[in-house]
Amino acid sequence: MREITNYTILITGGAGFIGSNLCEYFLSRGNRVICLDNFATGHRHNLKDCFSNSNFTLIEGDIRNYEDCQKALQGVDYVLHQAALGSVPRSIKDPITTNDVNVSGFLNMLQAATEAQVKRFVYAASSSTYGDSVGLPKVEEVIGKPLSPYAITKYVNELYAEIFSKTYGIETIGLRYFNVFGQKQDPNGAYAAVIPKFVMQLMKHESITINGDGNYSRDFTYIDNVIQMNELAMATDNITAVNTVYNTAFGDRNTLNDLVAYLKYYLKVYDPAIANVTVIHGPNRLGDIPHSLASIDKAKELLGYNPKYSLQEGLKIAVDWYWNNLK
Ligand code: NAD
């Protein structure tokens, strides 16, 4: 294992939820961080603690533009590629833009990173690649058919990464993120993720709507576990651990009903009335799978992954952040 300090790390999508948390963490570990972002869904305010650090550089640019990728890659040791258009419903509404960013943009970054001879290209893959496979827990080698345009784009990323490592020798690692949550995740907009959206609605005493009966379950993954996986993916010297993909999750599942109960439990400490906010059940959402649970055995065995935060431990921290920053 190498210690990840004093390197130059390019974080694409660094103004977004996961990217901005990665920027802060790797700056705090004594690295130089370059953020490439076009602010499509990211925000300058996510980077407010980075701007004061002289080791931080923001490049406003677009991964669909090859020159922007080349410019951002100058002098870079490692790439943490996060830039993409997330959200299954967004991809159903506009598959062409999702494909342009998530596939063509990804390919630009991978090609430019190969030319720049970076040490390793670590990228955000997705649990959506498991598609319609029903077996639990999900193991990396067994996937189903994609259920959305978004899922296709994330799977294509894995295919390109594998071919690039075989053909051009660039080292890649894909991290299949499972329902990540935590501080700075955007609660606003039509495509907001469920946890920040529910937190905001509960704080405003607005009733919340669960799609379906609430018994669907997910492997909710706190951001610090994701940061650990990114660090391990850069740090490993184990040659059998690279040029592959890893589930990036806590390795447990909770239902949507459990999630809402925990959110109310942690938020009522700040405002007791939140315990009485109404919960409505709507129809199931197109493209949603009933259950998701990761096996994290491969990451434990090959990378030494040891996730520290369960859903409850992560929610406690995230809820406190939302209350203090967005109330
Ligand atoms: P986010 O929307 O908060 O961050 C994405 C960032 O990419 C934003 O800052 C956005 O402005 C930037 N971006 C978008 N298009 C760009 C472009 N053309 N050029 C440059 N920058 C661009 O999303 P997030 O939740 O932080 O997700 C980060 C990555 O993780 C994405 O690749 C996403 O697909 C993947 N992922 C996330 C989750 C999750 O639960 N959040 C789950 C699976 C995979």
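Pairs Lys71/Lys184; Lys166/Lys308; Lys71/Lys298; Lys138/Lys300: which exceed 23 Å Cα-Cα? Going by Cα-Cα distance, Lys71/Lys184; Lys166/Lys308; Lys71/Lys298 fall outside the 23 Å limit.
For the chain, the alpha carbon positions stretch 56, 45, 38 Å along the principal axes, listed from largest to smallest. The accessible-area ordering, largest first, of the residues Ser91, Ser52 stands as Ser52, Ser91, per a 1.4 angstrom probe.
The ellipsoid that matches the Cα gyration tensor of region 16-106 has semi-axes, each √(5λ) in whole angstrom, of 24, 15, 10, with the longest given first. Its Cα gyration tensor gives region 72-149 an equivalent ellipsoid; the semi-axes, largest first and in whole Å, are 27, 18, 9.
Extension gain, Lys204-Asp94: 0.36 nm per intervening residue step, less the Cα-Cα distance, totals 36.5 nm. The mean sequence separation of alpha-carbon pairs under 8 Å and at least six residues apart, normalised by the residue count of region 95-160, gives a relative contact order of 42 percent. Look at the Cα gyration tensor of region 175-218: its axes a ≥ b ≥ c give a/c of at least 1.5 with a/b at or below b/c, and that counts as oblate.
Add +1 for every Lys or Arg and -1 for every Asp or Glu among the other residues with Cβ under 14 Å from the Cβ of Gly169, and state the total. Combined, the nearby Lys, Arg, Asp and Glu give 0. At the residue level, Ser207 shows approximately 50 square angstrom of accessible surface with a 1.4 angstrom probe and all protein chains present.
Cα centroid separation, region 106-154 to region 251-327: 24 Å. Each Lys or Arg adds one and each Asp or Glu subtracts one; over the other residues with Cβ under 13 Å from the Cβ of Gln117, this totals -1.
When the alpha carbon coordinates of region 86-201 are projected onto the principal axes, the ranges are 48, 32, 28 Å, largest first. Adding -39500 (n - 2.57) for every DSSP H run of four residues or longer, then dividing by how many residues the chain holds, sets the calculated 222 nm ellipticity at -11000 deg cm²/dmol. Accessible area of Cys69 (1.4 Å probe, protein heavy atoms only, ligands and nucleic acids ignored): about 0 Å². Residues whose amide H comes within less than 5 Å of that of Ser310, counting only those at least five positions distant or on another chain, are absent (H built at 1.01 Å from N in the peptide plane).
Charge tally around Tyr246: other residues with Cβ under 9 Å, Lys/Arg +1 each, Asp/Glu -1 each, net +1. Taking all protein chains as shown and a probe of 1.4 angstrom, Glu67 keeps an accessible surface of around 130 Å². Projected label points at Tyr191 and Lys48, each 7 Å from Cα along the beta carbon direction, are separated by 2.5 nanometres. So for region 184-327, taking the charge dipole from beta-carbon charges (+1 Lys/Arg, -1 Asp/Glu), which of Tyr305, Val226, Ala190 sits furthest toward the positive end? Of the candidates, Ala190 comes out farthest on the positive side.
Dimensions of region 268-319 based on its C-alpha atoms, expressed as ranges along the principal axes with the largest first, amount to 46, 33, 10 Å. Note on region 192-300: Kirkwood radius taken over Cα pairs, Stokes-Einstein applied at 4 °C and 1.567 mPa s, translational D equal to 81 µm² s⁻¹. For the pair Tyr265 and Ile163 in one chain, pulling the backbone fully straight at 0.36 nm per residue adds 32.0 nm over the alpha carbon distance.
The separation of region 64-105 from region 1-41, counted between C-alpha centres, amounts to 16 Å.
Using R0 = 30 Å, the C-beta based FRET efficiency linking Val142 and Arg2 works out to 0.45.
The values are calculated or read from the model by the stated rules, or taken from the named source; none is laboratory data. Since the structure is predicted, the reported quantities are computational estimates derived from the model, not experimental observations. Note: ideal-geometry Cβ built from the backbone for every residue, glycine included; neighbour counts use all protein chains shown. SASA here: full protein model, heavy atoms, side chains in, ligands and nucleic acids out. Shrake-Rupley method; radii C 1.70, N 1.55, O 1.52, S 1.80 Å.
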